[in-house]
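K.L.:
Shown below is the structure under consideration.
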Amino acid sequence: MIQLLQKLGAKSVNRVAAVGRAGQLLSQSLIAKPAPMTMLPLLVRQLYFIGVLSLVIIIVSGLFIGMVLGLQGYTILVDYGSEQAVGQMVALSLVRELAPVVTALLFAGRAGSAVTAEIGLMKATEQLASYEMIGVDPMRRIIAPRLWAGFISMPLLSMIFAIVGIWGGSLVAVDWLGIFSGSFWANMQASVSFSEDVLNGVIKSLVFGFVVIWIAVFQGNDCVPTSEGISQATTRTVVYSSLAILGLDFLLTAMMFGDF
Amino acid sequence: MTLINDTHIEVNNLSFCRGERKIFDDLSLTIPRGKITAIMGPSGTGKTTLLKLIGGQLTPDQGSISVDGEVVHTLSRRRLFELRAKMGMLFQSGALFTDMTVSENVAFPLRVHTDLPDSVIGDLVLMKLNAVGLRGASELKPAELSGGMARRAALARAIALDPDFLMYDEPFAGQDPIAMGVLINLISHLNRALGHTSVIVSHDIQETLSIADYVYLISDGKVLAQGAPDQLNGSEDPRVEQFMKGRPDGPVPFHYPAQSFEEQLFGGSQ
Ligand SMILES: Nc1ncnc2c1ncn2[C@@H]1O[C@H](COP(=O)(O)OP(=O)(O)O)[C@@H](O)[C@H]1O
Ligand SMILES: [Mg+2]
């Protein structure tokens, strides 16, 4: 019993210490004199690896989810004779929920895990130590560009997801099931508000992007520098990110749309 | 010989633990400026750890290390990075940046710490690579090099900025006899011609002794013996003799600390 308590205590202390280290990583990497000449090429490179290379999975997933939404929305709404509202339903579910959440989950799996593995391997092969001994801070050189790239890419990817999804929904509802395209788009325009829905979606994706990339770089930088250590850290990135996304989504939704 | 009392690095009463295991226990040593100092000892004694402590990558539990009179672990992060720009370290694994070619690796310290034009950097890189015999491999990626070549490329990177102070972690491991000879010449040339302070950590006793000015023999977290190479070679101390002659039996333990072998073998079956 005492041992159990001891273990529990030690575990909690470790967790709290890890949160502290994660905060320290953030401040050491982001609080710096801006040096655009060196930072910009590094950032562009990371935007490519983290953002551009995630495009394919985001576009394909967005398309299919939009198509499924169109199909499901139609089969439900047609019973009430209100299948004209399918555009509104597709757009609202995507913009408010599915685009930020699903994009973030895919982003954690595609980009977060890659970032963790890369940084972990750099640590294991002493490349991070090498940067330090050359007198270059790896926090600025390695961690910061990845943090910024993740933070910038996520909202853009989420927007692309929503746009492609809406297009997928229209493919199914209008082109396949034959809903009048005028009412599909008009209903959507009338019901989706920029300040309520679009902006809240963007805020969500900003928050998710920040949390996912923060977890990813922290897990990479904090991993045990061995093969198992890196594999565990990569798994943790995906698991913690997913849990954080879903938990935060509920919280943010309650805050944004909960004032009945 | 006038510089003989000029201390570059001073380790004072250093203690350092890894978990339960005490790696260093009240260790003190000084590294003279402009000389080649060798640090030798059985593997696992903490030679690499000592270099990392000097470079400020680890923090001592007790005691201090000063480089150029500055206590390393009390420096601010920015000052520490400035200090490191004057140090060069050759890692045991080489630790080349895998996303750059060999020549980009060597150019990297020059790019971040100097404003030299590209053409000058290119020439400097060629000179450094030529010195380690890898001019022809300049466009290869680190993954395409053998272990010994990677270590030589890393050496070219470590000397790119002509640092005041160079730490070599096992520079001779995995080198063929010719490369070994070249490295020995290179290290002693860098020291004699340019006056770098050098610290060599190595197991290759004869090669290291041939160029070292002063030798520390470390075991069990303490300095076991020190002196000029001749002094250590002629030492009567059985522990020193065992290490210098490479005898398997003797007072210096070959084994990582453990319970007795008989106990472990037969303990379970009784
Ligand atoms: N990251 C680490 N965590 C825990 N123990 C370590 C770590 N690195 C090295 N050690 C331990 O520290 C001791 C000294 O290691 P090291 O300095 O690499 O030895 P050497 O370079 O003399 O062979 C070894 O016993 C090793 O087990
Ligand atoms: Mg070592």
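The values are calculated or read from the model by the stated rules, or taken from the named source; none is laboratory data. Just so we're clear, the structure is a prediction, and the values are computed from it rather than from any experiment. Here the Cβ positions follow ideal geometry from the backbone for every residue, glycine too, while neighbour counts run over all protein chains shown.
K.L.:
I'd like the full set of residues that are buried (at least 24 other Cβ atoms within 10 Å of the Cβ), of a type in the set (A, V, I, L, M) and out of contact with any Lys or Arg (no Cβ under 9 Å at 6 or more places or on another chain), limited to segment A:148-161.
P.N.:
Narrowing segment A:148-161 to residues buried (at least 24 other Cβ atoms within 10 Å of the Cβ): A:149-150, A:153-154, A:157-158, A:161.
From the residues that got through so far, the ones that are of a type in the set (A, V, I, L, M) too are A:149, A:154, A:157.
Hits for segment A:148-161 are A:154, A:157.
K.L.:
Tell me the residue from B:166, B:124, B:155 that is in a helix (DSSP H, G or I), under 23 Å from the mean Cα position of the chain (by Cα) and more than 22 Å from residue A:142 (Cα to Cα), please.
P.N.:
B:155
K.L.:
Could you figure out which of (1) more than 16 Å from ligand 2 (Cβ to nearest atom); (2) β-branched (Val, Ile, Thr); (3) closer than 20 Å to residue A:130 by Cβ; (4) surrounded by fewer than 22 Cβ atoms within 10 Å (Cβ to Cβ) isn't true of residue B:7?
P.N.:
With (1) more than 16 Å from ligand 2 (Cβ to nearest atom); (2) β-branched (Val, Ile, Thr); (3) closer than 20 Å to residue A:130 by Cβ; (4) surrounded by fewer than 22 Cβ atoms within 10 Å (Cβ to Cβ) applied to residue B:7, the lone miss is (3).
K.L.:
Mind listing whichever residues of segment A:179-232 are farther than 30 Å from residue A:72 by Cβ and of a type in the set (Gly, Ala, Ser)? Write out each step before concluding.
P.N.:
First, the residues of segment A:179-232 that are farther than 30 Å from residue A:72 by Cβ: A:210, A:213-232.
Selection gives A:216, A:220, A:227, A:229, A:231.
Every residue, every condition in (1) within 16 Å of ligand 2 (Cβ to nearest atom); (2) surrounded by 17 or more Cβ atoms within 10 Å (Cβ to Cβ), yes or no:
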site: B:165; (1), (2): no, yes
site: B:168; (1), (2): yes, yes
site: B:176; (1), (2): no, no
site: B:179; (1), (2): no, yes
site: B:184; (1), (2): no, yes
site: B:212; (1), (2): no, yes
site: B:240; (1), (2): no, yes
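K.L.:
Look through B:187, B:178, B:159 and report the one residue that is farther than 14 Å from residue B:91 by Cα and either touching an Asp or Glu at 6+ places or on another chain (Cβ under 9 Å) or modelled with pLDDT of 85 or more (or both). Walk me through it before giving the result.
P.N.:
Numbers: B:178 fails: either touching an Asp or Glu at 6+ places or on another chain (Cβ under 9 Å) or modelled with pLDDT of 85 or more (or both); B:159 fails: farther than 14 Å from residue B:91 by Cα.
Step by step, each of B:187, B:178, B:159 is checked, and only B:187 is farther than 14 Å from residue B:91 by Cα and either touching an Asp or Glu at 6+ places or on another chain (Cβ under 9 Å) or modelled with pLDDT of 85 or more (or both).
K.L.:
I would also like to ask the following. Examine segment A:145-165 for a residue that is closer than 30 Å to residue A:42 by Cα and within 14 Å of chain B (Cβ to nearest Cβ), and state whether such a residue exists. Talk me through it step by step, then tell me what you get.
P.N.:
So in segment A:145-165, the residues closer than 30 Å to residue A:42 by Cα come out as A:145-164.
The next check asks that each one be within 14 Å of chain B (Cβ to nearest Cβ); those that pass are A:145-146.
Yes, segment A:145-165 has at least one match.
K.L.:
Further question: Across segment A:114-134, what is the number of residues that are part of a helix (DSSP H, G or I) and facing chain B (nearest Cβ under 7 Å)?
P.N.:
Of all residues in segment A:114-134, those part of a helix (DSSP H, G or I) come to A:114-124, A:127-134.
Subset that is facing chain B (nearest Cβ under 7 Å): A:127, A:129-130, A:132-134.
Within segment A:114-134, residues that are part of a helix (DSSP H, G or I) and facing chain B (nearest Cβ under 7 Å) number 6.
K.L.:
Looking at A:33, A:7, which is the one that is more than 14 Å from chain B (Cβ to nearest Cβ), over 14 Å from the mean Cα position of the chain (by Cα), surrounded by fewer than 20 Cβ atoms within 10 Å (Cβ to Cβ) and of a type in the set (D, E, K, R)? Talk me through it step by step, then tell me what you get.
P.N.:
On the way: A:33 fails: more than 14 Å from chain B (Cβ to nearest Cβ).
Selected residue: A:7, the only one of A:33, A:7 that is more than 14 Å from chain B (Cβ to nearest Cβ), over 14 Å from the mean Cα position of the chain (by Cα), surrounded by fewer than 20 Cβ atoms within 10 Å (Cβ to Cβ) and of a type in the set (D, E, K, R).
K.L.:
Considering each residue of segment A:19-52, count those that are of a type outside the set (Val, Ile, Thr), at pLDDT 85 or above and either more than 16 Å from residue A:221 (Cβ to Cβ) or assigned to a loop (DSSP other than H, G, I, E, B) (or both), and give that number.
P.N.:
Of the residues in that region, 9 qualify.
K.L.:
Please go through segment B:73-131 and pick out each residue that is small (Gly, Ala, Ser) and more than 9 Å from chain A (Cβ to nearest Cβ). Before you say what the answer is, go through the steps one by one.
P.N.:
Of all residues in segment B:73-131, those small (Gly, Ala, Ser) come to B:76, B:85, B:88, B:93-95, B:103, B:107, B:119, B:122, B:131.
Scanning segment B:73-131 gives B:76, B:103, B:107, B:119, B:122, B:131.
K.L.:
Would you check if residue B:218 is modelled with pLDDT of 85 or more, within 16 Å of ligand 2 (Cβ to nearest atom) and not aromatic (Phe, Trp, Tyr)? Don't jump to the end; show me each part of the working.
P.N.:
On the way: modelled with pLDDT of 85 or more: yes; within 16 Å of ligand 2 (Cβ to nearest atom): yes; not aromatic (Phe, Trp, Tyr): yes.
Yes; evaluated as a whole, the condition is true for this residue.
K.L.:
Since residue B:79 meets every condition but one in (1) within 16 Å of ligand 2 (Cβ to nearest atom); (2) under 24 Å from residue A:135 (Cα atoms), which condition does it not meet?
P.N.:
All conditions are met except number (1).
K.L.:
Same structure, new question: Taking interchain pairs and intrachain pairs at least six residues apart, which have beta carbon atoms under 9 angstrom, with the first residue in segment B:27-56 and within 14 Å of chain A (Cβ to nearest Cβ) and buried (at least 18 other Cβ atoms within 10 Å of the Cβ) and the second among the basic types (Lys, Arg) and not in a loop (DSSP other than H, G, I, E, B)?
P.N.:
B:55/B:84; B:56/B:84
K.L.:
Going by the structure shown, is residue B:154 among the aliphatic types (A, V, I, L, M) and either within 16 Å of ligand 2 (Cβ to nearest atom) or closer than 17 Å to residue B:200 by Cα (or both)? Can you show your working first?
P.N.:
Working: among the aliphatic types (A, V, I, L, M): yes; either within 16 Å of ligand 2 (Cβ to nearest atom) or closer than 17 Å to residue B:200 by Cα (or both): yes.
So residue B:154 fits the description; yes.
K.L.:
In segment B:129-138, how many residues are out of contact with any Lys or Arg (no Cβ under 8 Å at 6 or more places or on another chain) and either crowded, with 16+ Cβ neighbours inside 10 Å or not in a helix (DSSP H, G or I) (or both)?
P.N.:
Within segment B:129-138, the first condition is being out of contact with any Lys or Arg (no Cβ under 8 Å at 6 or more places or on another chain), and the residues that meet it are B:130-131, B:135-138.
Still in the running and either crowded, with 16+ Cβ neighbours inside 10 Å or not in a helix (DSSP H, G or I) (or both): B:131, B:135, B:137-138.
Residues that pass the stated criteria total 4.
K.L.:
Which ones in segment A:121-138 are farther than 18 Å from residue A:230 by Cβ and hydrophobic (A, V, I, L, M, F, W, C)?
P.N.:
A:133, A:134, A:136
K.L.:
Which residue is farthest from the chain's Cα centre (by Cα), if the candidates are limited to segment B:31-76 and must be part of a helix (DSSP H, G or I) and more than 9 Å from ligand 1 (Cβ to nearest atom)?
P.N.:
So in segment B:31-76, the residues part of a helix (DSSP H, G or I) come out as B:47-54, B:72-74.
Still in the running and more than 9 Å from ligand 1 (Cβ to nearest atom): B:53-54, B:72-74.
On the way: B:53: 12, B:54: 10, B:72: 17, B:73: 19, B:74: 22 Å.
Checked segment B:31-76; the qualifying residue farthest from the chain's Cα centre (by Cα) is B:74.
K.L.:
Another question, then. Here are some conditions: (1) among the polar types (S, T, N, Q); (2) away from ligand 1 (no atom under 16 Å from the Cβ); (3) at negative phi. Residue B:13 meets all but one. Which one does it not meet?
P.N.:
Residue B:13 satisfies every listed condition except (3).
K.L.:
Being within 14 Å of chain A (Cβ to nearest Cβ) and away from ligand 2 (no atom under 16 Å from the Cβ) is the filter here; which residues of segment B:57-69 pass it? Full working, then the answer.
P.N.:
First pass over segment B:57-69, keeping only residues within 14 Å of chain A (Cβ to nearest Cβ): B:57-59, B:67.
Across segment B:57-69, the qualifying residues are B:59, B:67.
K.L.:
Taking residue B:199 as meeting all but one of (1) over 21 Å from residue A:135 (Cα atoms); (2) within 16 Å of ligand 2 (Cβ to nearest atom); (3) hydrophobic (A, V, I, L, M, F, W, C), write down the number of the exception.
P.N.:
(1)
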